[in-house]
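To keep things clear, I will list the structure first and then write my remarks on it.
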Amino acid sequence: MRKEHWALLSLGINTLQALAKLIAGLLTGSLSMIGESFHSLSDSFSSLITYFTLRFSEKKSEKFPYGLYKLENVGSILIAVFLLLASYEILKRAFSLQVRIKEEYMAMGFVVISFSLLSSLLLSFLERKAGKKLNSPVLIADSYHTLTDAFGSSLVLMSFISSYVGYELDRYFAIGVSLLISYTALNILRKEVSVLLDVSADQKTLSRIRDIILSFEEVLEIKHLFVRSSGGRLFADITLVVSGRDFLQMHSVVDRIEEKLKVEVPQLEMVFIHYEPKQEATLGVLLNEKGEVSENFSNTSRVMLLKKGEKPQLLTNIPREEQKLAQFLMEKGVCIILCRHHPESKEAKWTISKYGAFVWETQEKNPYLAISEVAYNFSDVQTAHKERKDHRPI
């Protein structure tokens with residue numbers, strides 16, 4: 001059954017119990033039975049709240065793009081308030097004057113209260129089980145409210161039994177039940193108010209999500225992992241450091257992570273993953289025999305590599321063929337290639353594109369003036385504009 005169907009079932013049973021207890025209470029003259037009938041009416045009201053909460057909590061609109069999931073938590077808080085009221089009623093009844101029960105209707109009272117006790121216990125068990133299966137906090141809260149009706153029924157039953165044997169013990173049971181109900185209500189309030197304040201998911205869930213992410217060898221680091229709970233759903237905001245420089249490949253990895261998370265953690269409603277590459281961007285300047293920026297790939301004899309925070313590195317043993325040179329640069333982690341023209345080889349162009357790098361064409365022959373064009377911030381390289389030097393040694 002769906003969640004709202006359980007709420008309707010609870011509403012029907014609680015309403016039936018309320019009417020039966022009211023009739024039996026009026027016939028037997030039992031004040032506790034009459035009071036318990038009003039307790040069942042409050043159960044019916046909470047079940048009605050549960051139904052409407054579940055019915056509309058998943059509605060999404062332009063104004064509420066994430067849905068109204070927190071209505072379930074609001075509904076749970078209202079049920080907790082009813083639990084506190086029920087606790088007060090039972091406690092007050094425990095200290096009230098005893099009312100003599102009419103013996104001629106005592107058998108009917110036993111039947112009604114026994115039916116109420118058993119049906120409440122069964123409904124509470126089934127509803128709580130369904131709430132855990134369907135991940136619905138409001139169903140779980142309502143199951144505890146239904147359980148308090150069973151406690152109330154047991155109180156009335158003890159009142160009938162004690163009256164039958166001549167002992168009055170109901171007030172002592174009432175105090176214990178009232179304290180237990182209050183404890184349950186306060187726990188629900190603590191949990192649901194935390195959710196409304198965007199409390200983080202529990203540590204077990206966070207560890208599970210972390211293990212799934214780290215199962216991908218491309219993930220080098222989890223920088224941020226924020227998972228909040230809302231209406232039985234989870235919303236994740238994650239920042240990862242992913243290996244590689246090909247952003248298409250990195251995006252594919254992130255898509256697979258998101259898909260696996262949603263399969264293995266069904267409560268995840270939305271997953272936002274931000275990713276960044278591990279490697280720092282590297283600039284490669286193609287140089288000819290004169291130490292100037294190469295006219296094209298084919299007349300390159302040396303390559304100067306520049307990386308933020310590191311000293312420039314000059315490579316002399318390089319391949320001369322365009323495609324091989326392109327592959328060589330990609331293996332060195334070059335992201336930006338400074339040259340006066342793009343390579344003519346289609347294979348070289350494809351290799352550069354596949355790795356997510358690109359060629360920056362420049363008309364400058366001086367490599368440092370060319371570097372200044374791309375505004376690359378190197379701690380050990382001062383541009384020719386700053387130094388006013390047009391011919392720095394390589």
### Task
Identify all residues within the range 155-183 that are within 21 Å of Ser119 (Cβ to Cβ), of a type outside the set (Gly, Ala, Ser) and at pLDDT 75 or above; write none if there are none.
Leu155, Val156, Leu157, Met158, Phe160, Ile161
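Name the residues in the range 340-374 that are among the charged types (D, E, K, R) and either touching a residue at least 60 places away in the same chain (Cβ under 8 Å) or not assigned by TED's automatic domain parsing to the domain that holds Gln323 (or both), would you? Reasoning before the result, please.
Of the range 340-374, the ones among the charged types (D, E, K, R) are 340, 344, 346-347, 349, 354, 361, 364-365, 373.
Matches in the range 340-374: Lys354, Glu364, Lys365.
On the basis of being at pLDDT 80 or above and within 24 Å of Thr28 (Cα to Cα), does Gly152 make the cut? Even if it seems obvious, please write down each step before you answer.
Values: at pLDDT 80 or above: no; within 24 Å of Thr28 (Cα to Cα): yes.
Spelling it out, it is not the case that Gly152 is at pLDDT 80 or above and within 24 Å of Thr28 (Cα to Cα).
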### Query
All but one of (1) part of a loop (DSSP other than H, G, I, E, B); (2) in contact (Cβ under 8 Å) with a residue 12 or more places away in the chain hold for Glu127; which doesn't?
(1)
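The values are calculated or read from the model by the stated rules, or taken from the named source; none is laboratory data. Here the structure is a predicted model, which is why all the values come from computation and not from measurement. Every residue, glycine as well, gets a Cβ built from its backbone with ideal geometry; the counts of neighbours run over all protein chains shown.
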